[in-house]
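The values are calculated or read from the model by the stated rules, or taken from the named source; none is laboratory data. Just so it is clear, the structure is predicted and the values come from calculations on it, not from any experiment. In this analysis, Cβ positions are derived from the backbone assuming ideal geometry, glycine residues included, and neighbour counts consider all displayed protein chains. The accessibility values were calculated without ligands, DNA or RNA, using every heavy atom of the protein model including side chains. Shrake-Rupley method; radii C 1.70, N 1.55, O 1.52, S 1.80 Å.
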Amino acid sequence: MPNASPWWTPHVHADRRPALLARGRLTAALRGWFAARDFLEVETAALQVSPGNEAHLHAFATGLIGPDGAQMPRYLRTSPEFACKKLLAAGETRIFEFAKAFRNRERGALHHPEFTLVEWYRAGESYEVLMADCAAILAEAARVTGIREFAFRGRTADPLKEPERLSVSDAFTRYAGIDLTATLTEDGEGDRDALAEAAQRAGIRLADDDTFGDIFSRVLVEKIEPKLGNGRATILDAYPAGQAALARRNPADPRFAERFELYVCGVELANAFGELTDPAEQRVRLEAEMAEKQRRYGERYPVDEDFLAALAIMPPASGIALGFDRLVMLATGASRIDQVIWTPIA
C-alpha cells in the first residue's frame, strides 16, 4: 500500500530520495548511451488526435478550443509511437525519447497514470538489433546503480547475463502445456474454441464471452509471465500476428509477427516491433482493435489519418518502448513504482 503520509512529507521524501537520485543518474547514462550510438533525442507532443488504438489501453480525454471557439477532441498519448514513426517518415533514422505517457484505469505496484517510456527507433535495422540493445541497457543500469542482482517480489535476475530468447509458442508449451501453434489459422488469427479447450485443461477459468485474445492474455499472465526473467532476462519473441497489431509479419511464417517483450523478474519491461509499414493492413488492424474496444468498453478512439499517411513513406524500421520507471525500480530495489517517481499523482 502507498505510504499513509504524502510524498512531500520530509521523512517520506528522505526515504525515497536515494532511488530518485539513482533515477537521475540512469537518465543521464542512457542519454549518453544513445548519443554514443548516433541517436538523436526528440521531443514529441503529448496532446494527440488519437492516443493510440489498442483495445485495452484507456486514455485521458480533453478538448482543443480554436480561436473561433470550435471544440476538437484531443487525448493525452498512451505512448509517443505514432509521432515517432512520423519522424521516421520525415527522414530521421535513429531517434529516442524520454516520453511522458498517460494511461487511465491503471494504478498499482507496477502502474501509474502518468509514467515515463524510453522509446527508440532504428530505420533500416532488424528488430533483433533491439534485443542486443535491451541486454546492453540492463547492464548499463546495473553499472550506474552498482546493483549486482535485480529483484522483485522474491524473484531475482542477473542483469549482466545474456537474456534467454524464448518464442511465445515454446513458452505456452513449456509453462502451460498448450500447443499454441495448433490453435492458429494460416493468417495468425486464432481459433477461440481450440484455445479455450486447451486453457481449461491447463486450469484457466474462462468467461463465455472471452475472445481468443482474452484467453491468450489470461494464459500469459497466469501461467507464463511469473516464470519469465528469473535468473536472467527473458526475451519473449514471435507473437501470433493477431496479437501484434503494430508489428509486421514474419516473412518466413506469416502466422507470427516480429514482436518481442522483455521480462525481468516476472516484470514486463519492454515491447518491441519490426514495424508494420503497410497503411492498408495497419488500418484494418487498428479498426479491429477499436471494434473490440467498443464491444468491451463501449467506447473507441479515432484513427490518426496522418499516421496512416506517414506509413506509406516510412522506411523499414524497428522500434521499442521500455518502461523507464520499472527499470529504475528493478535497478534500485524499489517495491512500488510510486517510490521512483518524483511527484506521484495522489
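Residues in the stretch 316-344 that are open to solvent by 40 Å² or more (accessible area, probe 1.4 Å) and not in a helix (DSSP H, G or I): P316, G333, S335, R336, W342, T343.
With the requirement that a residue be among the hydrophobic types (A, V, I, L, M, F, W, C) and under 18 Å from Q294 (Cα atoms), what does the stretch 50-82 give you? Within the stretch 50-82, A55, L57, A59, F60, A61 qualify.
Which one of A257, A252, A233 is more than 19 Å from R326 (Cβ to Cβ), in contact (Cβ under 8 Å) with a residue 40 or more places away in the chain and among the hydrophobic types (A, V, I, L, M, F, W, C)? Selected residue: A257, the only one of A257, A252, A233 that is more than 19 Å from R326 (Cβ to Cβ), in contact (Cβ under 8 Å) with a residue 40 or more places away in the chain and among the hydrophobic types (A, V, I, L, M, F, W, C). Considering (1) among the charged types (D, E, K, R); (2) farther than 27 Å from A331 by Cβ; (3) open to solvent by 20 Å² or more (accessible area, probe 1.4 Å), the lone condition that K85 does not fulfil carries the number (3). Being surrounded by 20 or more Cβ atoms within 10 Å (Cβ to Cβ), farther than 20 Å from L40 by Cα and at pLDDT 95 or above is the requirement here; does F150 meet it? Here the answer is yes, as F150 does meet what is asked. Can you find, within the stretch 285-309, the residue that is farthest from L87 (Cα to Cα) among those that are acidic (D, E) and not in a loop (DSSP other than H, G, I, E, B)? My answer is E292. Meeting the requirement of 2 or more residues that are touching a strand residue (DSSP E or B) at 6+ places or on another chain (Cβ under 8 Å), the helices (runs of 4 or more DSSP H) wholly within the stretch 141-237 are 168-176, 212-219. State yes or no: is A346 in contact with a strand residue (DSSP E or B) (Cβ under 6 Å, 6 or more places away or on another chain) and small (G, A, S)? Criteria not met by A346. Scanning the stretch 215-237 for residues that are crowded, with 23+ Cβ neighbours inside 10 Å, at negative phi and among the small types (G, A, S) yields one hit, A233. Does V144 satisfy being in contact (Cβ under 8 Å) with a residue 60 or more places away in the chain, in contact with a Phe, Trp or Tyr (Cβ under 6 Å, 6 or more places away or on another chain) and either farther than 19 Å from A257 by Cα or open to solvent by less than 20 Å² (accessible area, probe 1.4 Å) (or both)? Here the answer is no, as V144 does not meet what is asked.
When restricted to residues that are in contact with a Lys or Arg (Cβ under 8 Å, 6 or more places away or on another chain) and in contact (Cβ under 8 Å) with a residue 12 or more places away in the chain, the stretch 296-315 contains 8. Taking the criterion of being in a helix (DSSP H, G or I) and either at pLDDT 95 or above or crowded, with 24+ Cβ neighbours inside 10 Å (or both), the only residue of the stretch 238-276 that qualifies is A241.
Could you go through the stretch 128-135 and let me know if any residue there is open to solvent by 40 Å² or more (accessible area, probe 1.4 Å) and charged (D, E, K, R). Yes: one or more hits.
Taking L184, is it in contact with a Gly (Cβ under 7 Å, 6 or more places away or on another chain), aliphatic (A, V, I, L, M) and buried (at least 17 other Cβ atoms within 10 Å of the Cβ)? Against the criterion (in contact with a Gly (Cβ under 7 Å, 6 or more places away or on another chain), aliphatic (A, V, I, L, M) and buried (at least 17 other Cβ atoms within 10 Å of the Cβ)), L184 qualifies. Whenever a residue of the stretch 324-343 is of a type in the set (D, E), its partners that are at pLDDT 95 or above and surrounded by fewer than 24 Cβ atoms within 10 Å (Cβ to Cβ), lying with C-beta atoms within less than 7 angstrom and at least six residues away or across chains, give the pairs D325/H112; D325/F115; D325/T116; D325/I337; D325/I341; D338/H112; D338/P344.
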